[in-house]
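A.B. asks: Pasting a structure below so you can have a look.
A short reminder: the numbers here are calculations on the coordinates, not readings from a lab. This is a predicted model, so every value here is computed, not measured. Please note: Cβ atoms are built from the backbone with ideal geometry, for glycine as well, and neighbour counts cover all protein chains shown.
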Amino acid sequence: MTISREVRLKSRPVGLPSPETFELASVDVPEPGRGEAQVRNIWMSVDPYMRGRMMEAKSYVAPYQVGKVMDGAAIGEVVTSRDRALSPGDLVLSGFGWRERFNAPVGMLTKLDTRDVPAQAYLGVAGMTGLTAYVGLLKIAALKDGDVVFVSAASGAVGSIACQIAKLKGHTVIGSAGGPEKCAFLREIGVDHVIDYKAEENLTKALMRTAPDGIDVYFDNVGGAHLDAALASSRTFARFAECGMISQYNNTSPGEGLKNIGVVVPRKLRIEGFIVSDHLDQQPAFQKDMTQWIAQAKIHWRETVDEGIENAAGAFLKLFSGDNFGKMLVKLA
């Protein structure tokens, strides 16, 4: 029997979650049963979509339950295995984050090959984060030659990969980020035009000034004022890939509507929301392309790492304050 710590949802938040939304508990982990492996987590991911799971509303993924351990993507090392498919020392990807150690059927664990990329990259650029950018641009937005692409939260985990994929495909890219450091990073990865939204009084005017002839694609991670600016700057037949709306996640009231939504019909816009788990058929092509791009040093990424399961909740809250840079990770061991 081994003791493990885990993070549980203590209460459902109203508005922005706080440290009191979570609680840290200790549990006993027995020896794994037949067909199972025991895994010691090394890395876990915290992601904006988890905010929605803290509510009881029906959605595309089941909500977290109050008093129960949370979950999410994690990478761990097999400690003990009772199935020949895995051996002690193997690194595996799982959905059993927010805990230090667990037992699971080996069929729920994916063995990782870390010869070409660091293990934690499978929680970011080489995992669902990268796949989200890939699907959003190539399938949902269906990039076409000559497109001008606007990406919000462009220095973030998904946004920065979306910017680089668009550049690798030969497009002009406009990225929005907050603050000089994040904007400097966008220039380093080749973004053509950078908007520091924190320095702009009017984001719509800033985007229209940056793209006087309009945009063809908007990769949306933010919603709100960024979506309104993209609508105002859209060309006819522009495509909007709606990946996330982090500016809305903690709202306690509907707020103001979009001022520029009226352009949708006359400009014949296509606005499509998507969930990456609906597009796993794209994974083989993504893995082939991304592995090659990483090997050729054509893709660059940033990580913010907090250490210890006791700091997981704080790491999650950084997603909403902008204190993270790139992919937000928690190192557990």
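A.B. asks: Taking θ as phi - 60°, what are the ³J(HN,Hα) couplings along segment 268-273 by the Karplus curve (6.51, -1.76, 1.60), each to the nearest whole Hz, with x for Gly and Pro?
C.D. replies: Each residue of segment 268-273 in turn: 6, 7, 10, 10, 10, x Hz.
A.B. asks: I would also like to ask the following. Helix 224-233 sits at what angle to the longest principal axis of the chain, using alpha carbons and giving 0 to 90 degrees rounded to 10?
C.D. replies: 40 degrees
A.B. asks: Still on this model: How large is the charge dipole for the chain, taken about the Cα centre, if only the Cβ atoms of Lys, Arg (+1) and Asp, Glu (-1) carry charge, to the nearest 20 debye? List each step's numbers first, then the result.
C.D. replies: On the way: 37 positive and 38 negative charges, 96 e Å.
That gives a dipole near 460 debye.
A.B. asks: Still on this structure, please answer the following. What are the chymotrypsin sites (Phe, Trp or Tyr not before Pro) within segment 1-74 that DSSP puts in a loop, where the Cβ has at most 12 other Cβ atoms within 10 Å?
C.D. replies: Those satisfying the criteria are 60.
A.B. asks: Contour minus end-to-end for residue 274 and residue 321, with contour as 0.36 nm per residue of separation and end-to-end as the Cα-Cα distance? Walk me through the numbers on the way to the answer.
C.D. replies: Details: separation 47, 0.36 × 47 = 16.92 nm, distance 2.45 nm.
Value of the extension gain: 14.5 nm.
A.B. asks: Also, I was wondering about something else. Return the calculated 222 nm mean residue ellipticity for the chain, to the nearest 500 deg cm²/dmol, obtained by summing -39500 (n - 2.57) across DSSP H runs with n ≥ 4 and dividing by the residue count. List each step's numbers first, then the result.
C.D. replies: Working: 8 runs with 75 residues, N = 333.
Calculated at 222 nm, the ellipticity per residue is -6500 deg cm²/dmol.
A.B. asks: Now a separate question. Mean separation of Cα pairs under 8 Å and 6+ residues apart, divided by the residue count of the chain: what relative contact order is that in percent? Walk me through the intermediate numbers first.
C.D. replies: Working: 712 pairs, mean separation 57.9, N = 333.
After rounding, I find 17 percent.
A.B. asks: Mind sorting out which of (1) 16.9; (2) 27.1; (3) 18.1 is the real mean projected area of the Cα convex hull in nm² computed from the coordinates?
C.D. replies: Among (1) 16.9; (2) 27.1; (3) 18.1, the one calculated here is (1).
A.B. asks: Here's a follow-up. Using a 10 angstrom cutoff on alpha carbons, build the Gaussian network for the chain and name the most mobile of 147, 323, 71.
C.D. replies: With Cα springs under 10 Å in the chain, the top fluctuation among 147, 323, 71 is at 323.
A.B. asks: OK, next. Can you give the longest run of the chain that contains no trypsin sites (Lys or Arg not before Pro) sitting in a DSSP loop with at most 13 other Cβ atoms inside 10 Å? Don't jump to the answer; show the numbers that get you there.
C.D. replies: On the way: sites that count: 34, 58, 68, 84, 115, 144, 259, 268.
Longest run free of exposed loop sites: 145-258.
A.B. asks: Next question, about the same structure. Suppose R0 equals 25 Å; then what is the FRET efficiency for residue 209 and residue 253 from their Cβ-Cβ distance, rounded to the nearest 0.05?
C.D. replies: Details: r = 32 Å, r/R0 = 1.26.
E between residue 209 and residue 253, to the nearest 0.05, is 0.20.
A.B. asks: Sticking with this structure for a sec: How big is segment 72-222 by Rg and Dmax over its Cα atoms, in Å?
C.D. replies: Cα only, segment 72-222: 19.3, 62 Å (Rg, Dmax).
A.B. asks: Got a sec? How would 14, 7 order by Cβ neighbour count within 10 Å, fewest to most?
C.D. replies: Numbers: 14 10, 7 24.
Least crowded to most crowded, the residues run 14, 7.
A.B. asks: Another question about this same structure. For the chain, what proportion of DSSP beta bridges, expressed in % and rounded to the nearest 5, is antiparallel? Each step should come with its number before you reach the end.
C.D. replies: Working: 31 of 58 bridges.
Approximately 55 percent, going by the DSSP bridge assignments.
A.B. asks: In percent, how large is the relative contact order of segment 128-277, given Cα pairs closer than 8 Å and 6 or more residues apart?
C.D. replies: Numbers: 303 pairs, mean separation 33.7, N = 150.
Contact order relative to length: 22 percent.
A.B. asks: At 4 °C and 1.567 mPa s, what whole-number value in µm²/s does Stokes-Einstein give for the translational diffusion of segment 20-161, with Rh from the Kirkwood sum over Cα pairs?
C.D. replies: Numbers: Rh = 17.2 Å.
Value of D from the Cα-based Kirkwood radius: 75 µm²/s.
A.B. asks: I want to verify the translational diffusion coefficient of segment 129-217 in µm²/s; compute it with Stokes-Einstein, Rh as the Kirkwood radius over Cα pairs, at 20 °C and 1.002 mPa s. Kindly include the intermediate steps, with their values, before the conclusion.
C.D. replies: Numbers: Rh = 12.8 Å.
This corresponds to a translational diffusion coefficient of 167 µm²/s.
A.B. asks: Provide the gained length on full extension for the span residue 23 to residue 291, in nm with one decimal, where the gain is 0.36 nm per separating residue minus the Cα-Cα distance.
C.D. replies: Numbers: separation 268, 0.36 × 268 = 96.48 nm, distance 3.80 nm.
Extra length available between residue 23 and residue 291 comes to 92.7 nm.
A.B. asks: Return the single residue from 204, 252, 132 with maximal mean-square fluctuation; model: Gaussian network over the chain, springs between Cα atoms under 10 Å.
C.D. replies: Maximum fluctuation in the GNM of the chain, among the listed residues, is at 252.
A.B. asks: So which GluC sites (Glu not before Pro) in segment 244-333 pass both tests, a DSSP loop state and at most 11 other Cβ atoms within 10 Å of the Cβ?
C.D. replies: Details: sites: 256, 272, 303, 307, 310; in loops: 256.
Here the GluC sites (Glu not before Pro) that fit, given the DSSP loop and packing criteria, are 256.
A.B. asks: Obtain the nm distance between the two label points defined at residue 85 and residue 31 by a simple spin-label model: each point lies 7 Å from its Cα along the Cα-to-C-beta direction.
C.D. replies: Label at residue 85, label at residue 31, 2.2 nm between them.
A.B. asks: Could you identify which residue out of 296, 65, 120 has the top mean-square fluctuation in a GNM of the chain using Cα springs shorter than 10 Å?
C.D. replies: With Cα springs under 10 Å in the chain, the top fluctuation among 296, 65, 120 is at 296.
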